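Just so it is clear, none of the values below were taken in a lab; they were calculated from the coordinates. Bear in mind the structure is a predicted one, so any value in this text is a computation, not a measurement. Cβ atoms come from the backbone with ideal geometry, glycine included; neighbour counts cover every protein chain shown.
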Amino acid sequence: MNEMNRKLSILAAIWVALVCAPFWMPYVGGYTALGTRVLVLGLGAMSVNFLLGFTGVLSFGHAAWFGLGAYGCGLLLKFVAPSTSLGLLAGTLLGGVMGGLLGALLVRRRGVYFAMVTIAFGQVFYYIAFQWSSLTGGDDGLRGFERQPLHLGFATVDILSDSTAFYYFVLVCFALVVAAMAFILRSPFGRTMLAIRENERRARFLGIQIEQHIWIAFTLSCFFMAFAGSLYALVNNFADPLGLHYSQSGNFVIMAVLGGMRRFWGPLLGAVVFVVLQDYVSSITINWQIFIGILFVLVVLFFPRGLLGFLQQRKRA
Amino acid sequence: MTQLLLFNITNGLMIGAFYVLMALGLSLILNLSGVINFAHGGFLVIGGYIAYTLEPYLGFWGALVASPFLTAIIGLAVERVLISRVYGRDPLYSLLLTFGLAYILEAGTRMIWGAQGKPFTIPEFLSKPISNEFFFITGYRLFMVLIVAVVVTGLFSFLRLTRIGIRIRAGTLDLETVAGLGVNVRALRSLNFAVGIFIAGLSGVLAGGQLGLEPTMGAGLLMPSFIAIIVGGVGSLAGTLVGGLLIGVASGLTAVFYPSASEAVIYVLMAVVLLTRPRGLFGEEGMLT
């Protein structure tokens, strides 16, 4: 089988698995809502990886845009209009625009410094959500909104009580964003991102405007992230200040690295492992954090190229 | 009003002093090894809890001296076994590793000492206010400021006057050349890490006496310390010192006029500094951009 066929068959397998998930998941001990969470968090991890794995820029504060998306969506549903699609739009715009503005301030920084500044700025939004309790509900999170039925013109889909219908709604959203990401990565712009990742100085010599490209990649990644966050508000009918916290950013980065950050689908695999593990461990012990911590350490020491990178190495050997 | 203002300024300076201690340790490690130690707060908490455990046997003073050393030994072990493996690799890995360690230390503290807060008793003569008019200036607060001053002076003289200190500073500027001159960089980094953790352990004990002990207290100090470093300028210890005091006072002053913004104001300060001086107040061209 040649390379092209192999890639296509893997791609087909991924989509078949995702489309059929509500049918096979119960047999392996899963449930549909868990599948929905994996999709949304996986989309978040893929957005982080859009920047980390394909542009080589280490943002450690991406939970801020995820959380802003969630709050934007929740606030719109609660105070403005009961419409799921408008909620998604509001959340995506809020997180994406804020991310883009901040990105403009940061694009000249690199490496550790960039990571530090993104973490610190990300925390601003955590404190705002935490302190402004009259609007955001503070520590308790934003409650009092629900995802609304979808009006498609010819039919109305109830995604609130029917968890399978909601899974498919999220899957469609996921597919659209993932297609957009793949499209951008295949475009000349995406190739330029890779060039910057591989050798920034050489790319600069070629006349590429590095800061501008990094800023655009950062902003796109923030929009994707905010969209994932908006979906997450719909998943839980709730927005949590912890969703903005830097520990959540760390979780997204570990999902990307765990799956394989040089791979397009790596972060989704990472999210599957991470979310299922967290779900399982937190159901058997209150000290689940220690297991998450050990997972971080193990990934760094033994799987720095992620599960997909590891599998590939094994195959070559 | 003056009373209130003074109270909040002193308070801000006090908190700022904690930020300084924490940030100096972080800064030392970051400058020489390029590692942002997310687990720094975890070590601070462990320092406090070790002192809590030792206090019945050694008393306050014994615990104050012994705990930082024990914390530093734990830190040294962690550095040798885990953190030293990611030196020189993409900063991503050191971030993730110390991030995981922070989880482990916090959950570990909770497993050993329980999730409930613990009191850490301080000698009676320190807990009394020294003046009736300025009731908020307790002996302990003065004592803490004194200790912080001693540690900062000690650290700066160590870095300026001793051979090891000079090597650490040289390594901050150009580690390869220092290694080429025959300095054992491995040992230098370990020692430097241990010094940073020693300071964290000490601040854990001091913080325990003022605020009591809680497994999560370290995480709360981590972000302000980051900001102290960014405001002061990455790569400059003097900058870290100024940055820590500055954000402490800024948040103290804001607490007078608009209490709910007292945490947000330090982020505003950081944004202003980054807009006007992108490398921070004392940051220089070429250092860890």
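Under the convention that each Lys and Arg Cβ holds +1 and each Asp and Glu Cβ holds -1, the size of the dipole of the range A:31-316 around its Cα centre is about 1360 debye. Proximity of backbone amide H atoms, modeled 1.01 Å from N, is registered between B:Leu213 and B:Lys118, B:Phe120 at under 5 Å, excluding neighbours fewer than 5 places apart on the same chain. Whole-Hz Karplus values for the range B:2-7 come out as 4, 4, 5, 4, 4, 4 Hz, taken residue by residue from phi with 6.51 cos²θ - 1.76 cosθ + 1.60 and θ = phi - 60°; glycine and proline positions read x.
Exposure proxy ranking for B:Ser225, A:Ser247, based on other Cβ atoms within 10 angstrom of each Cβ and starting from the fewest, stands as A:Ser247, B:Ser225.
Counting other beta carbons within 10 Å of each Cβ, put A:Thr32, B:Thr172, A:Thr92 in order, fewest first.
Values: A:Thr32 19, B:Thr172 23, A:Thr92 26.
The most exposed by this proxy come first: A:Thr32, B:Thr172, A:Thr92.
Across all C-alpha atoms in the range A:240-317, the radius of gyration and Dmax reach 13.2, 46 Å.
Applied to the range B:229-243, the Karplus parametrisation 6.51 cos²θ - 1.76 cosθ + 1.60 on θ = phi - 60° returns per-residue 3J(HN,Hα) values of 5, 5, 4, x, x, 4, x, 10, 5, 4, x, 4, 4, 5, x Hz, with x for Gly and Pro.
Compute the Rg/Rh shape ratio of the protein assembly as shown: radius of gyration over Kirkwood radius, all on alpha-carbon atoms.
Working: Rg = 24.9 Å, Rh = 25.4 Å.
Reported Rg/Rh (Cα atoms, Kirkwood Rh): 0.98.
Based on the Cβ-Cβ distance from A:Leu242 to A:Ser187, what FRET efficiency comes out when R0 is 45 Å, to the nearest 0.05? If you can, show how the numbers build up before the last one.
Details: r = 36 Å, r/R0 = 0.79.
Here the calculated transfer efficiency is 0.80.
Phi angles across the range B:209-217 convert, under the Karplus curve 6.51 cos²θ - 1.76 cosθ + 1.60 with θ = phi - 60°, into 3J(HN,Hα) values of x, 8, 10, x, 10, 9, x, 9, 5 Hz, Gly and Pro given as x.
Sorted into 10 angstrom bins from 0, the C-alpha pair distances of the range A:31-316 split as 7, 29, 36, 22, 6, 1 percent.
Report, in deg cm²/dmol and to the nearest 500, the calculated mean residue ellipticity at 222 nm for chain A, where each DSSP H run with n ≥ 4 adds -39500 (n - 2.57) and the sum is divided by the residue count.
On the way: 14 runs with 231 residues, N = 317.
Result for chain A, helices only: -24500 deg cm²/dmol.
Using the Stokes-Einstein relation with a Kirkwood hydrodynamic radius computed over Cα pairs, the translational diffusion coefficient of the range B:1-108 at 10 °C and a viscosity of 1.306 mPa s comes to 102 µm²/s. Taking every full run of DSSP H in chain A, the ones that stretch at least 24 Å from end to end by Cα along their long axis and average -1.0 or higher on the Kyte-Doolittle scale are A:3-24, A:32-52, A:84-106, A:111-131, A:163-186, A:210-236, A:266-284. Each of A:Leu231, B:Ile266, B:Phe193 was placed along the dipole of the protein assembly as shown (beta-carbon charges, centred on the mean Cα), and the one lying farthest toward the positive end is B:Phe193. Within 10 Å of the Cβ of each residue in B:78-90, the mean number of Cβ atoms contributed by other protein chains is 1. Between A:Phe205 and B:Val81, the simple spin-label model (points 7 angstrom out along Cα→Cβ) gives 4.5 nm.
By count of other Cβ within 10 Å, fewest leading, how are A:Tyr71, B:Tyr49, B:Tyr57, A:Tyr113 ordered?
B:Tyr57, B:Tyr49, A:Tyr113, A:Tyr71
Distance between the 7 Å Cα→Cβ label points at A:Asp158 and B:Val150: 7.2 nm.
For the segment B:258-268, counting C-beta atoms of other chains within 10 Å of every residue's C-beta and taking the mean gives 4. A convex hull fitted to the Cα coordinates of the range B:59-100 yields 75 cubic angstrom per residue.
When shorter helices are ignored and each DSSP H run of at least 4 residues is given -39500 (n - 2.57), the per-residue value for chain B at 222 nm works out to -26000 deg cm²/dmol.
Suppose every K and R has +1 on its Cβ and every D and E has -1 on its Cβ; what is the size of the dipole of the range B:141-211 about the Cα centre, in Debye to the nearest 20? Don't skip to the end; give the middle numbers.
On the way: 7 positive and 2 negative charges, 22 e Å.
Charge dipole of the range B:141-211: 100 debye, to the nearest 20.
In the elastic network of chain B, a GNM with C-alpha springs shorter than 10 Å, the most mobile of B:Leu206, B:Leu44, B:Leu155 is B:Leu155. Of all lysines in the structure, those lying under 20 Å Cα to Cα from A:Lys7, and not within fewer than 8 positions of it along the same chain, are A:Lys315. For the range A:2-68, a Kirkwood hydrodynamic radius built from all Cα pairs, placed in the Stokes-Einstein relation at 10 °C and 1.306 mPa s, yields a translational diffusion coefficient of 112 µm²/s. Peptide B:110-122 has a mean of 1 when you count, residue by residue, the C-beta atoms of other protein chains within 10 Å of its C-beta.
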